[in-house]
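K.L.:
Starting off with a structure, shown below.
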Amino acid sequence: GYAQAYAGLSWAKWLFIASIDNFTPKDEVFNLAEKSLALNDNALAHRTLAKKYFAPLGVYVTTNKSADLAVVELEAAKRLQPNDPDVLADLAMALPFAGRPGDALIFIQKAMELNPSHPKWYFAASGIAYLLTDETELAIRDLQRWSEATPSWNVPFMFLASAYGLAGQTEAANTALKRHRHLLRGAKRSAYAIKRQWPMAPAEEEIFFRGLEVAGAF
């Protein structure tokens, strides 16, 4: 009957799937989070349940159904733990894809203040939010930090290519895009595939794709 134990187990199973075994069924993760919430409202269960709807840093572990639904869960977590930097950073990660990149910047900046020694994935949240608010120089700065922290992962280089493209740095944009494709073993992704993996509101999608077009993605 201890809600926090179920929440902790759910989160641990999520981390195992996201970082070790992408093919483990995810139903148990979210069933445990829902059981935890049925016993007692708590931030960790809401944070885990948000992954059911949107987990942009987990390429193989989500269908990215709805950033809006994830935001609902993460805002519930924030109400319960308003000074938890990881909750704020998760919320900042989802908000740009829900059409609210400006709000994302507020929360990721607060998260970084609360945890000055924050993990490098915080730069994903800030870099994407800067990108989608057309603050390209700041976007390049933070997306570079993200890509340097995960040099063998393709995703940061796709966003970095868009940021360089928006900044008019065509050669750097093309280099980042080539790195993205190299890490995908040379695969060229269609606009449809990118939209499916990274669903955005129309205004943010237009910014993102404008940069990718300059980089030579399409």
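The values are calculated or read from the model by the stated rules, or taken from the named source; none is laboratory data. Values in this document were obtained by computation on a predicted structure and should not be read as measured data. Glycine gets a Cβ as well: all are built from the backbone with ideal geometry, and neighbour counts include every protein chain shown. Heads up: the accessible areas ignore ligands, DNA and RNA and are worked out on the full protein's heavy atoms, side chains in. Shrake-Rupley method; radii C 1.70, N 1.55, O 1.52, S 1.80 Å.
K.L.:
With a probe of 1.4 Å, find how much accessible area the chain has per residue, and write the answer as a whole number in Å².
P.N.:
Working: 10180 Å² over 218 residues.
Roughly 47 Å² per residue, with all protein chains present.
K.L.:
Please give the residues of the range 186-218, grouped as numeric ranges, whose backbone N is less than 11 Å from a label point set 7 Å along the Cα-to-Cβ vector of Ala167.
P.N.:
none
K.L.:
Here's something else I'd like to know. How would Thr24, Thr175 line up by accessible area, probe 1.4 Å, largest first?
P.N.:
Values: Thr24 40, Thr175 85 Å².
In descending accessible area the options line up as Thr175, Thr24.
K.L.:
Subtract the Cα-Cα distance of Ala201 and Glu213 from 0.36 nm times their separation in residues, and report this length gain in nm to one decimal.
P.N.:
Details: separation 12, 0.36 × 12 = 4.32 nm, distance 1.79 nm.
In short, 2.5 nm is gained.
K.L.:
Okay, next question. As an exercise, take the mean of 1/r over every pair of distinct alpha carbons in the chain, invert it, and state the Kirkwood radius in angstroms.
P.N.:
17.5
K.L.:
Is it possible to state the helix-based mean residue ellipticity at 222 nm for the chain, with each DSSP H run of 4+ residues giving -39500 (n - 2.57), the sum divided by total residues, to the nearest 500 deg cm²/dmol? What is it? Don't skip to the end; give the middle numbers.
P.N.:
On the way: 12 runs with 148 residues, N = 218.
Value at 222 nm, helices only: -21000 deg cm²/dmol.
K.L.:
Can you give the charge dipole size of the chain about its Cα centre, rounded to the nearest 20 debye, using +1 on the beta carbon of Lys and Arg and -1 on the beta carbon of Asp and Glu? Mind dumping the intermediate values first?
P.N.:
Details: 23 positive and 23 negative charges, 142 e Å.
Rounded to the nearest 20 debye, it is 680 debye.
K.L.:
Right, something else. Considering only protein heavy atoms and a probe of 1.4 Å, how much of the accessible area of the chain is carbon and sulfur, as a whole percent? Don't skip to the answer; put the middle values down first.
P.N.:
Working: 5350 of 10180 Å².
Carbon and sulfur together cover 53 percent of it.
K.L.:
Any idea how far apart Thr175 and Ala5 come out in nm if each label point goes 7 Å out from Cα toward Cβ?
P.N.:
Going from the Thr175 label point to the Ala5 one covers 5.5 nm.
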